[in-house]
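To start, the structure itself, in structure tokens.
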Amino acid sequence: TAYFGLLDVCKPLKAGETVLVNGSAGAVGNVVGQIAKIKGCTVIGFAGSDPKVEYLKSIGFDHAFNYKTVDLHQTLTQVAPNGIDAFFDNVGGEFADTVLLYHMKTFGRVAICGSSSQYNLKPASEAEVGKGMFDTQTQGPRLQGVILAKQLRVEGFMFHRFTDQDDEANTALAQWVQEGKLKWKEHVTEGFENMPKAFIGMLKGENIGKAVVKNTDV
């Protein structure tokens, strides 16, 4: 997901560009940031706690912030005054609105990987019940104008789109791990019976890195 979302959906990624990742302490986001650094980019990450921010700094993010304690618009104005070239969006909502409206460069690329800020929205009306999380979004700003004016490329993707290219990604990622360029981290919950707790914790953002459940009965 991280490999193709960044290198394919956000192509052409060039050394010296500025890459923004939100949800960047999760399983996908932290790898996106590290790949961007391997490719010579400046990387900005946002996460939901100070320990997560420290983790991002420890794996090489140039700038990392707790989105709960900073002003997003002011922060991006300070650290990326010339704008964002590639935005890997795991969150959506007001965060994405702010980035697209005010901080993307002309010809910028946006990869829509997730919309975690929207997953728990209530249906707007009884008619919306049962339609799924992607049919019950709250109304936000109209972004078509800025997408047109800045000639942005905004593309959603699902990981299974690239399954026929798994070998390419696995080979590159394994090599970067062996070379010490790519670090990985797991948030392990012990006990199969704790799977619901682990799943809810992941949705609440309690994990740093990949959330996994270890079956201690085996």
Treating only Lys and Arg (+1) and Asp and Glu (-1) as charged, each at its beta carbon, one finds that the chain has a dipole about its Cα centre, in Debye to the nearest 20, of 500 debye
Taking r as the C-beta separation of PHE157 and ASN66 and R0 as 22 Å, the FRET efficiency to the nearest 0.05 is 0.20
Rg from C-alpha atoms of segment 1-114, normalised by the globular rule of thumb 2.2 N^0.38 Å, equals 0.92
Charge dipole of the chain built from unit charges on the beta carbon (Lys, Arg +1; Asp, Glu -1), centred at mean Cα; most positive-end Cα among VAL154, ALA80, ALA169 is ALA80
For segment 1-99, dividing by residue count, accessible area per residue (probe 1.4 Å) in Å² works out to 37 Å²
Largest-first semi-axes in Å of the equivalent ellipsoid built from the Cα gyration tensor of the chain are 26, 24, 18
Descending packing, highest mean Cβ count within 10 Å first, for 58-66, 153-161, 21-29, 207-215 is 21-29, 58-66, 207-215, 153-161
Taking the chain and counting helices only, DSSP H stretches of n ≥ 4 at -39,500 (n - 2.57) each over all residues, the nearest-500 ellipticity at 222 nm comes to -8500 deg cm²/dmol
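Compute the length gained on full extension between ASN194 and VAL177: take 0.36 nm times their separation in residues and subtract their Cα-Cα distance, giving the result in nm to one decimal.
Result: 3.1 nm gained on full extension.
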Of every hundred units of 1.4 Å-probe accessible area on the chain, the number belonging to carbon and sulfur atoms, as a percent, is 53 percent
If each K or R counts +1 and each D or E counts -1, the residues other than ALA149 whose Cβ falls under 14 Å of its Cβ total +4
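The values are calculated or read from the model by the stated rules, or taken from the named source; none is laboratory data. Computed from a prediction, not measured in an experiment: that's the story for all the values here. Backbone-built Cβ (ideal geometry, glycine too); neighbour counts: all protein chains shown. Side chains included, ligands, DNA and RNA excluded: accessible areas come from the protein's heavy atoms. Shrake-Rupley method; radii C 1.70, N 1.55, O 1.52, S 1.80 Å.
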